[in-house]
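The block underneath contains the structure these notes are about, expressed in structure tokens.
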Amino acid sequence: MAGHHDPERPRFAGDPDSAGDYQAPAPENLRLSYLPRRERSFDERSGDTLGWLSIGLGLAALLAPRAVGKAIGLPEHSGLLRAVGAREIASGAGLLTQRDRTPWLWSRVIGDAMDLALDRHSPSPQQPLRGRAVGALAVVGAVAAIDIAASLRQSRRRSDGGEVIVGGHEAFVEQALIINKSPQECYAYWRDLAHLPAFIRTLHSITIKDDRVSRWVMKGPGGASVEWDSEITVDRPGERIAWHSLEGSTVTHAGSVRFEPAPGGRGCIVRLLMHYRPPMGRAGVGLAKLMGRDPNGEAREDLRRFKALIETGEIPTTRGQSSGQRSWLGRLTPEGRKSRAGRILEERAS
Amino acid sequence: MRANCWNGITDLRIEEVPDPRILNPRDVVIRISSTAICGSDLHLYDGFIPTMMKGDILGP
């Protein structure tokens, strides 16, 4: 309420009663959304370029096949060019929208090979158009070379587990949630690493080796399982915990969790930052199999379960509760199996 | 007990289901006199929630 001066009331920017009192939060406390977005790597940007190139060429071939045909020495093949255009648009759309870009880059390579084959068989006998056909051949050849290079780069990075990897095989996770416990209580709960598997769904178990090192076993929805040793690097009670996987681990993983007092002294804001890189070698498991397709969503659910666990002592669920008759397909899923109550009744009846 | 069960899109039936049991120390079992669905259940009723399974109990 304007004009009502209450020293206990939490302040915010633009508050008419606190003009001059408001202090911007220190840089390390700024919300993650204020930080600049992660810069897209060369591979990601070149993938984008190839995607837009595909869409551009595809639209041209689809909408003006005769003009395109004249330009490349295939004036009579409108239908064929339309088909090629549609294929190019599909490649481009896949490249721009899908997280895993590798198959789409290779689809461009296959498309280029098809184009080369078509160009070679262009039947036009006239000289000017023949020259154009040769020119088109050269251009398609060059584009094919670029596509092959991009695909190889992409595939090689997937097996190396190198730096930033196009195609969603590296996961950056940033999530925050407000919890109705003090930062000290949240810190204490998190620091006892044995609690983590209770709310981090993909984490199967943690074995504590010593004060700083622990062994993490992760099991993903795809049935894949990965283990690594993790070391706590920063341990500030009531404020921050940071950890990373040890050198030579199959998965490069680093994370940090920050516990900040919430405004008005009511609770704690927990900010979770995690970063995964996939295992080395072609035999390694894909990150998508481990994390599912949405690492940020998984982390958000993990934080919600942490909130439920630390505030109430249990994680609410409908599993184990009663249900009506399941379909035969439903009976195959974990949720569909007879509820505990049903099993108890069956045991009593028999 | 009888319960309001989802059996498919726009297919709700009152069925005989196992009685609920106390699963956690803080659970409560409540006897209700009547049941229905509310506006928010219409999304489940009309089939917009893909994780619905035949046999799920709606309401309390």
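The values are calculated or read from the model by the stated rules, or taken from the named source; none is laboratory data. Just so it is clear, the structure is predicted and the values come from calculations on it, not from any experiment. Positions of Cβ are generated from backbone atoms using ideal geometry, with glycine treated the same way; all protein chains shown enter the neighbour counts.
Against the list (1) assigned to a strand (DSSP E or B); (2) surrounded by fewer than 19 Cβ atoms within 10 Å (Cβ to Cβ), the condition A:E185 fails is (1). Restricting attention to the range A:302-334, the residues that are out of contact with any Asp or Glu (no Cβ under 8 Å at 6 or more places or on another chain), among the aliphatic types (A, V, I, L, M) and closer than 24 Å to B:D56 by Cβ total 3. Total residues in the range B:1-24 satisfying the condition of being more than 20 Å from A:S327 (Cβ to Cβ) and within 9 Å of chain A (Cβ to nearest Cβ): the figure is 6. Within the range A:128-181, being modelled with pLDDT of 80 or more, closer than 21 Å to A:H253 by Cβ and among the small types (G, A, S) holds for one residue alone: A:A176.
Of all residues in the range A:188-215, those that are crowded, with 16+ Cβ neighbours inside 10 Å, of a type outside the set (S, T, N, Q) and in a loop (DSSP other than H, G, I, E, B) total 2.
Quick one: would you say B:D46 is at the interface with chain A (Cβ under 9 Å from one of its Cβ atoms) and not aromatic (F, W, Y)? No: the conditions fail for B:D46. Only a single criterion out of (1) within 30 Å of A:G313 (Cα to Cα); (2) more than 10 Å from chain A (Cβ to nearest Cβ); (3) surrounded by 14 or more Cβ atoms within 10 Å (Cβ to Cβ) is not satisfied by B:G55, namely (2).
For the range B:25-40, filtered to residues that are under 19 Å from A:Q321 (Cα atoms) and free of Cβ contacts under 8 Å to residues at least 12 places away in the same chain, the residue that is farthest from the chain's Cα centre (by Cα) is B:P25.
Taken over the range A:202-248, the residue count meeting the criterion of being closer than 20 Å to A:F259 by Cβ and among the basic types (K, R) is 3.
Among the residues of the range A:314-350, those identified as at the interface with another protein chain (Cβ under 7 Å from one of its Cβ atoms), more than 30 Å from A:L303 (Cβ to Cβ) and at pLDDT below 75 are A:A341, A:G342, A:I344, A:L345.
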